[in-house]
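Engineer: Structure provided below as structure tokens; questions to follow.
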Amino acid sequence: MEAEPAAKVGSTTALLVVAGAAIAAYGLDQLSKFLVVANLTEGEIVPVLGTLLQWQFVRNPGAAFSLASGMTWIFTILAAGVITFIVWFARRIRSIAWAVVFGLLLGGVLGNLTDRLFREPSFGLGHVVDFISTPWLIPAIYNIADIAIVSSMVLFMILTIRGIGLDGSREVRPAKRDAADSAEPQTASSETPAAAVEGDVPPLREAATGA
């Protein structure tokens with residue numbers, strides 16, 4: 001497959017976007033958790049939009065959306081590995097969209113990792129603060145960090161399906177390339193009538209002379 005010209009940005013710009021998205025996701029996550037812990041009682045349900053949106057403060061020892069409870073230390077190690085990989089890999093990014101993907105993922109993972117490192121019951125085994133409940137949509141309670149992680153995954157799939165690379169270039173599908181080639185004007189090389197006539201003149205003259 002060929003690639004369309006890349007809409008590149010500099011590595012510094014891409015890194016700034018990664019950092020900005022990560023700081024925004026991490027800051028919103030930690031601020032919201034601070035407000036929840038300070039103002040809500042654990043287990044309390046506060047309707048915001050009836051049953052569409054509720055605040056419900058719980059402490060989650062598992063992964064995102066309360067999955068795999070009891071394996072906190074494993075997710076702590078995995079989160080630390082993901083963060084290390086993102087920081088190392090970010091220097092290769094030359095696309096604003098991909099920078100947002102990695103920034104949201106970094107901020108979300110870092111937000112939940114902070115809870116696991118510094119919240120009760122102990123370092124590395126802390127429980128993540130979850131508080132967003134939408135029973136009609138997802139039968140689980142989650143937080144801003146989870147939203148950032150899921151959003152990064154959705155954007156990741158969109159960019160992958162569209163064939164957009166880390167450098168911002170987009171793959172040209174064979175069908176699209178063939179259609180573009182067929183639309184180009186075709187120039188056929190052929191002898192002009194004049195040339196054909198000139199080519200016949202000498203034999204005609206010889207025939208007339210011989211007669």
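The values are calculated or read from the model by the stated rules, or taken from the named source; none is laboratory data. Every value quoted in this text rests on a predicted model; they were computed, and no experiment measured them. The area values use the complete protein model at the heavy-atom level, side chains included, leaving out ligands, DNA and RNA. Shrake-Rupley method; radii C 1.70, N 1.55, O 1.52, S 1.80 Å.
Engineer: Just check the stretch 104-174 against the gyration tensor rule for me: Cα atoms, a ≥ b ≥ c as the square roots of the eigenvalues, rounded for a/c under 1.5, and otherwise prolate or oblate depending on whether a/b exceeds b/c.
Structural biologist: Note, shape of the stretch 104-174 comes out oblate.
Engineer: Just the number please: accessible area per residue for the stretch 81-168, 1.4 Å probe, all protein chains included, in Å².
Structural biologist: Normalised by residue count, the accessible surface of the stretch 81-168 is 46 Å².
Engineer: For residue 57, enumerate residues with amide H under 5 Å from its amide H, sequence gap 5+ or separate chain, H modeled in the peptide plane.
Structural biologist: Residues meeting the amide H criterion: 43, 44.
Engineer: In whole Hz and in residue order, list the ³J(HN,Hα) couplings for the stretch 26-36 that follow from phi through the Karplus curve 6.51 cos²θ - 1.76 cosθ + 1.60, θ = phi - 60°; x for Gly and Pro.
Structural biologist: The phi angles translate into 5, x, 4, 5, 5, 5, 5, 5, 4, 5, 5 Hz.
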